[in-house]
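> Sharing a structure here in C-alpha cells format.
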Amino acid sequence: MKTPRSRATSRTNQAFIHCPKIVLTAAVFCAIFAPASSAQEAGAKEAGLRQIRSYIAAAWDTLTRSLTDCKVIVDPKLAAASVLYIPVDFDVPADVQQMQKRCNVQVKHLPQVIHKLGEVDTSNLEPPGLLYLDHKYVVPGGRFNEMYGWDSYFIVRGLVEDKRIELARGMVENFFFEIEHYGAVLNANRTYYLTRSQPPFLTSMILAVYNARPMPLVSSVLKDKAVGEQDRAWLARAYEYAKRDYALWTHEPHLAGSTGLSRYYDFGDGPAPESVKDETGHYRQVAAFFLGQPQDMWRDYVVPQKAGEAHVGPLFALQVCDSSKTMVQAACDSAGAASLSADYYKGDRAMRESGYDVSFRFGPHGARTHHYAPVCLNSLLYKTEKDLELISGLLLLDEESAQWKKRAAERRERIQKYLWDGERGMYFDYDFENQKRSSYEYVTTFFPLWAGIPSQEQARALMQHLSTFEKPGGLVMSPNETGGQWDFPYAWAPDQLVADEGIRRYKFDQEADRVSYEFLSTVAENFRRDGTIREKYNAVTRSSETQVTAGYHMNIVGFGWTNAAFLVLLHELPETSVTRLADEQTAKAGSGR
C-alpha cells in the first residue's frame with residue numbers, strides 16, 4: 001500500500017517500488033505493478049503544459065549534434081573556415097571521412113598528444129576548429145554549437161527526466177574522451193578551449209546516468225548477472241576518469257593559496273579568442289570602464305604604453321578632451337595608448353572557466369577571479385569527493401572510499417572556516433591573496449546546501465536571506481546591477497535548480513516550491529507569448545527581455561539547460577502546484593493574455 005504524501009518529491013526520483021522479496025525499479029516495473037491510471041492522471045493534470053513539454057521533447061533532437069550533420073562543424077562565434085581536429089594518435093573514423101567529402105570541411109590531426117590543459121599553444125591551431133567527439137551530444141543552442149562542460153550536467157538531468165538515457169550516457173562518454181585525448185573536461189570542444197575547464201559536475205553526471213540505468217527483466221532478476229556486471233564495469237571505468245578530472249582541481253595552479261581550497265584558473269594568456277571575435281568591443285569597454293575609475297582601481301588592470309613597448313592584447317587609444325573648445329563636440333588630443341594587463345586577462349579567462357561570464361562577483365568584470373576560492377567550485381569539489389566515496393564503495397574499494405570520506409571532511413572544514421560568515425549568515429567567496437571574505441552577495445551561497453555542507457542551523461540562517469535573491473520571476477543572481485548578464489536582474493536555470501534542490505534538501509519545502517513555481521511560471525508565460533525558451537530571464541519583470549551591457553548582449557533561444565531545469569523542477573513540485581501552473585497557462589491562453 002502506498003503511503004499518502006502531501007507533496008511529490010520528483011516522480012522520477014521515487015526510485016523503488018517495494019514488492020515481496022524483491023526491490024524493483026519504478027521506471028521498469030510501474031507498467032506491471034502500478035495502477036494503470038496513474039500516468040493518465042498525470043497527463044491530464046499537465047494538459048495545460050502540453051505545448052511546452054512538446055517543445056522540449058522536440059528540442060532534444062533539434063539541439064543534438066553528430067558527425068553525420070554538416071552543421072556540427074560551424075562555429076557561429078567565429079568567422080573562420082570549418083575545421084575538425086582529430087587527436088594525433090587517432091585514426092580518422094569512416095563517418096568523418098564521409099562527412100569530409102559531403103560537407104566540404106577540413107579534417108586535421110592535432111600536432112601532439114595532449115596529456116593536460118595548456119600543453120598545446122592554441123594560437124598555433126589556425127584556423128581554430130571543432131574537437132572530435134565520438135558520441136552525439138546536445139548543445140545549448142544559438143551561438144553555442146558545441147558540448148559545454150557545465151551546461152551538460154543540467155542537460156543530462158533533463159534527458160534522464162525525459163527517458164533519453166542513451167543520449168545522456170553518450171554525453172558522459174564524450175567527457176571521458178575529452179579527458180583521455182584533450183587532457184580534461186573542457187569548457188567546450190573547440191580548440192580555443194584547450195586551456196580551461198568548467199565547473200566540475202562530472203561525478204554528478206555519472207551518477208545521474210548510472211542511477212537511470214535499465215534493470216534486467218523480472219524473469220531474469222535472480223539468475224542473469226550480465227547486466228549488473230556491465231553496469232559495474234562502466235562505473236569502474238567512469239570512476240577512473242572522475243579521479244583524473246578531480247586531480248585537475250586539487251593541484252597547482254588550481255589551488256587557492258594556502259587555504260587547502262581550489263580556484264578557477266585558465267592556462268592561456270592574453271585575450272580569450274572567442275571574446276575578441278564574438279563579443280565586439282568587449283575589451284575596449286572594459287578598458288574604458290577602468291580608466292573611468294580612480295587610479296587605485298585600474299592600475300593593476302590597465303597599462304599605459306609607449307611606442308615599441310611589448311603589450312598583451314590590443315592597444316586602446318587614450319585621449320584628453322577639452323570641452324571648453326567647442327559647444328558642439330569636445331576637441332580631443334592624443335594622449336598615447338594603453339592595454340589591459342596580463343593579470344586582467346588571467347582573471348577574465350578564469351571567470352570564463354567559472355561559467356559566470358560576465359558578473360562583478362570577483363571584482364569589476366571578473367578581473368580578480370583567479371585570486372578567489374569560490375563557494376560554487378569548492379561546494380562542487382566537496383560533492384565530487386562524496387560522490388567518489390559512494391562510487392568507490394559500490395565498487396568495494398573500501399580503503400579508497402575511506403580516503404574520499406576523509407578528503408570531503410577536510411574540505412567541509414575549510415569551507416566552513418574560510419567561506420562561511422557566521423555574522424552575516426551566508427557563504428561568501430574568499431580572497432586568498434588579501435586573506436578576507438568577499439562581501440558580494442551571490443546566489444551561489446546556496447551551492448553548499450545542494451552539496452550537503454552546512455548544519456541545519458546554518459541552513460536556517462541562510463534561509464533568512466532568501467528574500468535578498470527572490471524576485472517575482474525566481475532567484476536573481478545577485479542584488480547588484482552591474483550590466484553583467486550574471487548579475488541583477490537575471491535568473492538563470494542552472495542556479496535556480498541548484499538552489500531549489502539545496503533548499504529542498506534541508507526540508508524548506510514550502511520555500512522551494514514557491515521559488516520553483518515563480519521561475520517555472522515565468523518560463524511558461526514567456527513560452528506562451530513567443531513559443532521559445534531562452535538562455536536567461538529577467539526575474540523582476542518576468543520577461544525574456546534583457547539589457548546586458550557587459551559581455552555579449554544576446555538572449556539565446558534553445559535553450560538546453562533551461563529546457564532541462566524546467567522538466568526537473570516541474571517534477572519536483574507537488575502535484576497540486578503542477579495542476580495550478582497548467583490551469584493558469586490554459587486560462588491565460590484562453591483569454592489571449
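No value in this document is a laboratory result; all are computed from the given coordinates. Remember, predicted model here, so these are calculated numbers, not experimental data. Backbone-built Cβ (ideal geometry, glycine too); neighbour counts: all protein chains shown.
> Can you give the charge dipole size of the chain about its Cα centre, rounded to the nearest 20 debye, using +1 on the beta carbon of Lys and Arg and -1 on the beta carbon of Asp and Glu?
Roughly 1340 debye for the chain.
> How far, in degrees from 0 to 90, does helix 151-161 lean away from the longest principal axis of the Cα atoms of the chain, to the nearest 10?
The helix 151-161 is inclined about 20 degrees to the chain.
> Could I ask something else about it? So what's the stretch 400-559 giving for Rg/Rh, alpha carbon basis, Kirkwood Rh from the mean inverse pair distance?
Rg/Rh for the stretch 400-559 comes to 1.02.
> Based on alpha-carbon centroids, what's the gap between the stretch 385-412 and the stretch 336-381 in Å, whole number please?
The stretch 385-412 and the stretch 336-381 have Cα centres spaced 31 Å from each other.
> Any idea what the relative contact order of the stretch 378-466 is, in percent, if you count C-alpha pairs under 8 Å spaced at least 6 apart?
The value is 26 percent.
> What is the Cα centroid distance between the stretch 105-172 and the stretch 263-304, reported in whole angstrom?
Cα centres, the stretch 105-172 to the stretch 263-304: 27 Å.
> Could I ask something else about it? Would you mind computing Rg(Cα) / (2.2 N^0.38 Å) for the stretch 465-593, counting N as its residues?
Ratio of Cα Rg to 2.2 N^0.38 Å: 1.01.
> I've got another one for you. Once you place label points 7 Å from the Cα toward the Cβ at H109 and K436, how far apart are they in nm?
Going by the 7 Å Cα→Cβ label model, 5.5 nm.
> So how far apart, in nm, are the two label points at E457 and R244 if each is 7 Å from Cα heading toward Cβ?
Roughly 4.5 nm, to one decimal.
> Output the 0 to 90 degree angle, nearest 10, between the alpha-carbon long axis of helix 94-103 and the longest principal axis computed from the alpha carbons of the chain.
50
> Hey, what angle do you get for helix 493-505 against the long axis of the chain, alpha-carbon based, 0 to 90 degrees rounded to 10?
Once rounded, the angle reads 50 degrees.
> Rounded to the nearest 500, what is the 222 nm mean residue ellipticity of the chain from helices alone, with -39500 (n - 2.57) per DSSP H run of 4+ residues and division by all residues?
Here the helix-only value at 222 nm equals -13500 deg cm²/dmol.
> Beyond 23 Å between alpha-carbons counts as too far, so tell me which of K243/K406; K386/K507; K116/K417; K507/K588; K277/K306 fall in that bin.
K116/K417; K507/K588; K277/K306
> Between the stretch 502-549 and the stretch 414-479, what is the separation of their alpha carbon centroids in Å?
Using only Cα atoms, the two centres lie 21 Å from each other.
> If every alpha-carbon in the stretch 528-593 counts as one equal scatterer, what log10 I(q)/I(0) does Debye give at q = 0.27 1/Å?
At q = 0.27 Å⁻¹ the computed log10 ratios are -1.27.
> Given the stretch 157-210, report the % of alpha carbon pairs whose separation exceeds 19 Å.
It works out to 30 percent of all Cα pairs.
> Rounded, prolate or oblate: which one fits the stretch 357-477, using the alpha carbon gyration tensor with axes a ≥ b ≥ c (rounded when a/c is under 1.5, else prolate when a/b beats b/c, else oblate)?
Cα axes put the stretch 357-477 in the prolate bin.
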